[in-house]
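Everything below concerns the one structure shown next.
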Amino acid sequence: MYTRDEIERRVTEIVAQALDSDPAKVHRHSSLIDDLGAESIDFLDIRYRLETAFQIKISEDDLWRGFVVGEHRDLLSENGVTEEGLKRLQSEMPDFRWERFPEGVRRRDLPRLITVRTIIEYLVSLLGTE
Amino acid sequence: MNRRRVVVTGIGAVTPLGNNFAQSMQSLREAKTGLGPITLFDPREWPCRVGGQIRDFDPRPYFRIPKAIKLTERRTQFAVAAAAMALADAGLQSGQDDEIGVCVGTGVSDQQPQELARAIGLDPESRAATDVPYFSERILSNLQPLWLVVNLPNMVSAHVAIQLEIQGPNNTLMTDWIAGSQALGEAYRAIQHGEAQIMLAGGADSGIYPQAVVSYSQAQLFNGQKEEPQFALGEGAAFMALEDHEHAVERGARIYGELVGYACGCVSLSVEDSHGLAGTIETAMREASWKPAEIDAICAASIPHPSFTQAEKTALTRVFDGNLNRIALFEFKSRIGHTLAASGPIEAALALSCLASLGRTARMLCTNLGLLGQTSALAFQIFPDGRGESK
């Protein structure tokens, strides 16, 4: 069992290493793609590092969909995040750079919503904490 | 068909003699050796403990996107560095247009067997090594996902192009020890035929890993003592910026020399049958319109093993006969080891630079031999004054 702090520390470390980022620039609200330069191959790398560090298996489905929407699946319509959904996400992630999506968040934009916090919350829900 | 003239406008290299070309040449002048104790793995039980291992090399300054370094192994890092240095030496900047291409000769990597073994070792039923469906179902997910991408040979030229933002023709040659020489030749042809105006062409390879030592040991190439080997392995990369002559003159580039002939082939290495290598040499010289008496220097493969030295000696005698007495013969493997696919370009660059300091035009032939009889020959006209004119 890990504490929330431990999970947060390890996730930050893993993301910083995989993306060759200065750990001081890896914040909870940092978008892996827009802020830290992650590409699709980096998500595979990060998933593997998380699996190894936490001795878990992360499925394909979780990697792309669970990471982002998880418990927020009801916030998605066919086109993307609903208006109501967007308001809810904005209140949960106030430090995120929402101005990057002046026309709302479409389905193809979803990977850009993956933040360090997304991964932390995903692991907390999977592992539980002390 | 009207072929374009092709000149050399830049050189970059990472060799056992130095982590850039200037340092490498300086070490040569000071008669230093690039051979030293192998430290990348423990060679205690192996037939060769000494090699041309590159030390204290930091790839970071050469990577525009440092994140990509995790996707590379040694030879790719040497390649990106050498290509970047060749581009800079030519006075060119990256990302200009799609008129610059890349052509690299490389070999197989060590395939990181420890990673594969680790994944297979996690198998509780010990079936993974022989049961492919089982492996894919149960073991594949234990393998580090970047493993394949790191080890694919064509990633060398891909990373060079990505880091230097080069969008022209991109090619990888895998013809064993002559791959780098062929890369120079193929790049030469590409510019001759107008496919690109500039090509960063060269070789990158590393022989300092256990499987290489095992393979060459099985091929009975290590015939000396462990600490003073005749045949030693090396690593490194060298690139030349090859450029359309008119383009180079128009932009006022410094011109090291001109590539005027190229040929390749594959022959049997038995001494009696060495006319194949002689044939390759003659074809390249015919393209250059050179006669045997007109050559100043030969940079031969000089692979320190009887089969190769005999084949080469016989071929060179056959082509040059009495002229061999006055032709300078370059030999670098005793100082850097066999750098495998990188050997052609590394040695051609070192020889070219030596001749450029002579103060007059020189004609150099670079010949190469592969383990199974592959041959190549490149003819370089070297200019002393950097303007591409003969004296």
Would you check which residues across the range B:318-336 are assigned to a helix (DSSP H, G or I) and buried (at least 18 other Cβ atoms within 10 Å of the Cβ) and list them? B:319, B:320, B:333, B:335, B:336
I'm checking my understanding of the structure. Among residues of the range A:9-26 that are modelled with pLDDT of 95 or more and more than 14 Å from every other protein chain (Cβ to nearest Cβ), which one is least open to solvent (accessible area, probe 1.4 Å)? A:11
Sole exception among (1) of a type in the set (Asp, Glu); (2) in contact with a strand residue (DSSP E or B) (Cβ under 6 Å, 6 or more places away or on another chain); (3) open to solvent by 60 Å² or more (accessible area, probe 1.4 Å) for residue B:137, by number: (2)
Out of B:220, B:211, I need the residue that is assigned to a loop (DSSP other than H, G, I, E, B) and more than 14 Å from chain A (Cβ to nearest Cβ). Which one? B:220
Which of the following residues is under 14 Å from the mean Cα position of the chain (by Cα), surrounded by 15 or more Cβ atoms within 10 Å (Cβ to Cβ) and of a type in the set (S, T, N, Q): A:30, A:40? A:30
Here is a list: B:281, B:295. Which entry is more than 22 Å from residue B:353 (Cβ to Cβ) and either modelled with pLDDT of 95 or more or out of contact with any Gly (no Cβ under 8 Å at 6 or more places or on another chain) (or both)? B:281
If I ask for residues that are open to solvent by 40 Å² or more (accessible area, probe 1.4 Å) and under 14 Å from residue B:236 (Cβ atoms), which ones from the range B:16-30 would you list? B:20, B:23
Look at residue A:77 and say whether it is open to solvent by 20 Å² or more (accessible area, probe 1.4 Å) and either closer than 30 Å to residue B:119 by Cα or within 12 Å of chain B (Cβ to nearest Cβ) (or both). no
Hits in the range A:44-57 (condition: open to solvent by 10 Å² or more (accessible area, probe 1.4 Å) and either among the charged types (D, E, K, R) or at the interface with chain B (Cβ under 10 Å from one of its Cβ atoms) (or both)): A:44, A:47, A:48, A:49, A:51, A:52, A:57
The lone condition residue B:148 fails out of (1) touching a residue at least 24 places away in the same chain (Cβ under 8 Å); (2) within 14 Å of chain A (Cβ to nearest Cβ); (3) out of contact with any helix residue (DSSP H, G or I) (no Cβ under 9 Å at 6 or more places or on another chain) is (1)
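The values are calculated or read from the model by the stated rules, or taken from the named source; none is laboratory data. Keep in mind the model is a prediction, meaning the values are calculated, not measured. Cβ: placed from backbone, ideal geometry, glycine included. Neighbour counts: every protein chain shown. Areas reflect the complete protein model, heavy atoms only, side chains present, ligands, DNA and RNA absent. Shrake-Rupley method; radii C 1.70, N 1.55, O 1.52, S 1.80 Å.
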